[in-house]
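Everything on this sheet refers to the single structure shown next.
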Amino acid sequence: MKISEQILDKHSQQPKYNDVPLKKLKPSNAGHECNRKLFFIFNGCFYKQDKIDPSRALMIKEGVRLERTIIEDIEQMHTSHSEFRTPTYKYLSQGKVDYLLDDENTIIEIKTMSRNAFNQLKKNGLKKYSHKYYTQLQIYLNELFNQRGEANGILIALNRDTFELYEEDIPYDEKHAIESI
C-alpha cells in the first residue's frame with residue numbers, strides 16, 4: 001500500500017460524527033436547520049458506523065489547526081483572555097468558546113471554510129448564512145450575558161483556499177438564544 005493510501009486509510013477510521021446518537025446536544029449541534037432530523041439523531045435513529053471520507057477527515061483536521069493558529073495570533077495581541085464554557089443544560093452539553101476577550105466581554109468564534117462558503121458568508125452575513133453557527137454563538141453569548149450582564153460576539157472566518165479573513169460583529173440575540181436552549 002502506498003504511503004498516501006496509508007494516510008487516507010488512517011483517517012477513514014473515524015466514525016461520522018453526525019451519525020452517532022447524542023446523549024446531549026453540543027451548542028454547535030443545537031442550531032441544526034432541521035429540527036426533525038436533530039430530534040431523530042438525538043434519539044439514535046440515524047446511528048450508523050460508516051466511516052468518514054478520509055479526505056474530509058484531513059480537511060477537518062487542517063481546519064482545527066488553522067483555527068488554533070488564529071487563536072495563537074489573537075493571544076499575542078490581547079493579554080486579557082480566559083477559557084469560557086457554557087454550563088450543561090437539560091438537553092445541551094457544556095460548550096467551549098474558541099476565545100474570550102475578558103476585558104471586552106467578547107466571545108470570538110472562529111470558522112474555516114471553502115471559498116464558496118466563505119463568499120456566501122461575506123455576502124449574507126452569519127445569521128442568513130448558517131443558522132447552526134449563529135445559534136452556537138448565541139448560546140455562548142447567552143451564558144456570558146447571564147454571568148456578566150454584557151455580551152458581544154465576533155465571528156472570524158478564514159477562507160482556507162485564499163487565506164482571506166472575514167470578521168463580523170454578532171450582537172447578542174436573547175430571544176434566539178433562549179428559544180434555542
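Only the coordinates and a few stated rules stand behind these numbers; no lab work does. Computed from a predicted model, the values in this text were never measured in an experiment. A quick note on method: Cβ atoms are made from the backbone with ideal geometry, for glycine too, and the neighbour counts reach across all protein chains shown.
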Using θ = phi - 60° and Karplus 6.51 cos²θ - 1.76 cosθ + 1.60, couplings along region 145-159 (whole Hz; Gly, Pro as x) = 4, 4, 7, 10, x, 8, 8, 10, x, 9, 9, 10, 10, 10, 6
Expected-Rg normalisation [2.2 N^0.38 Å, Cα atoms] applied to region 67-117 = 1.34
Return the distance in nm (one decimal) between the two label points of a simple spin-label model at K132 and Q94, each offset 7 Å from Cα along Cα→Cβ.
-> 2.4 nm
Report the FRET efficiency, 1/(1 + (r/R0)^6), for V64 and D169, where r is their Cβ-Cβ distance and R0 is 25 Å, rounded to 0.05.
-> 0.55
Mind jotting down the three principal axis lengths of region 52-181 based on Cα atoms? Whole angstrom, largest first.
-> 40, 33, 29
Under a point spin-label approximation (7 Å from Cα along Cα-to-Cβ), what is the S55-N35 distance to one decimal in nm?
-> 3.7 nm
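If you take the beta carbon distance between R115 and Q6 as r and set R0 to 25 Å, what does 1/(1 + (r/R0)^6) give as a FRET efficiency, to the nearest 0.05? It would help to have the intermediate numbers written out before the result.
Numbers: r = 29 Å, r/R0 = 1.18.
Calculated value: 0.25.
Suppose the chain between E179 and T79 were pulled fully straight at 0.36 nm per residue; how much longer would it get relative to their current alpha carbon spacing? Mind showing how you got there, number by number?
Details: separation 100, 0.36 × 100 = 36.00 nm, distance 3.41 nm.
32.6 nm is the gain from fully extending E179 to T79.
Set the bar at 26 Å for Cα to Cα. Now go through K2/K111; K10/K122; K111/K175; K96/K123 and name every pair that lies beyond it. Before the final figure, lay out the partial values.
Working: K2/K111 33 Å; K10/K122 35 Å; K111/K175 24 Å; K96/K123 28 Å.
Check vs 26 Å cut-off fails for K2/K111; K10/K122; K96/K123.
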